[in-house]
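Engineer: Got a structure here, written out as C-alpha cells. Questions coming.
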Amino acid sequence: MDRVDLWGMFLLGLLGTGHCIGMCGPLIFAFPGRTGRFLPHVLYHLGRVTTYTVIGGIMGGIGQLMAGAAAGSGAGGVVMVKVSLWLVASALLLVLGITRLGIVREPGWLNFVSPERMPGFKNVLEGAAGNRGQAAFFLMGVMLGFLPCGLSYGAFAQALGNASAVQGILATLAFALGTAPGLILLGTGASALFSRYRRQSDIISGILMIYMAVKMGFKAIRMVL
C-alpha cells in the first residue's frame, strides 16, 4: 500500500468527522466527557483505534490466506483470488460511497454487527458511567468500535482488498487516526466547525470512497487483461 493510499484513508477518516460526531458525540459527552479529564478521552479513542486496526488486520489476513491457498494452483489461481477480492472490495466501497452522497440509504446489513450483542457490553457502560477505573473507558472504545458505520466498513473493505494483514492494519490505522482529532476536540469550536459542514464532508468522503472503488476495480480489470 503506497503513501497516497494511506493518506487517502487518513483523509477519509478526517472528512468523516462530522458523521462521527453525530454518531459518537452523545456517547463521548455521556461517558468520558462527564469526567472532566483528558485521559478517559485518550483511552476511549485508543480502544476504538485498537478495534479498527484489529479488524483491518483480520480482513487483510483473510485476503492473504485466500491468496496463499490459491498459490497451490499456480500463479493464475493467486491472480484470480486477488482480482475477486479487489472486485468485492470495490463493490462495497462503491455502495458505501453512494450512501455517503445520500443517493441511497445505508444497507440494513450494516447493523448486523452491533456492540449491544457483545457479552459484557452493559457492564462496561455501567463501569464507564460510574467512573469505575480508567480501563472501563478503553473497553468502551473497543466495543463501540463495532458500531455500524458506513465509513469504517468502507475502510474494512479496503483492508480486505489489500490481501495483506500488515497492509490491512496500516490502512485501518490511518483511517482511525483520521477520525481521532475531531472527536478529541469535541465540545470545542473545532467540533462545531466539523458539525456545521457535515453535509459537505459527507459528499467529499463519498466521492473519495467512490474514487477508491474505481481505482481498485480498474486495478482488477487491468490484471486480467
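Engineer: Hey, rough spin-label estimate for ILE203 and ILE221, points 7 angstrom out along Cα→Cβ, what's it come to in nanometres?
Structural biologist: 2.7
Engineer: For a footprinting-style exposure proxy, rank LEU11, LEU39, LEU144, LEU225 by other Cβ within 10 Å, fewest first.
Structural biologist: Taking fewest neighbouring Cβ atoms as first place, the list is LEU225, LEU39, LEU11, LEU144.
Every read-out reported here was derived from the displayed coordinates using simple, explicitly stated rules and does not represent laboratory data. Everything quoted here is computed from the prediction, not taken from an experiment. Reconstructed Cβ throughout: ideal geometry from the backbone, glycine too, with neighbour counts over all protein chains shown.
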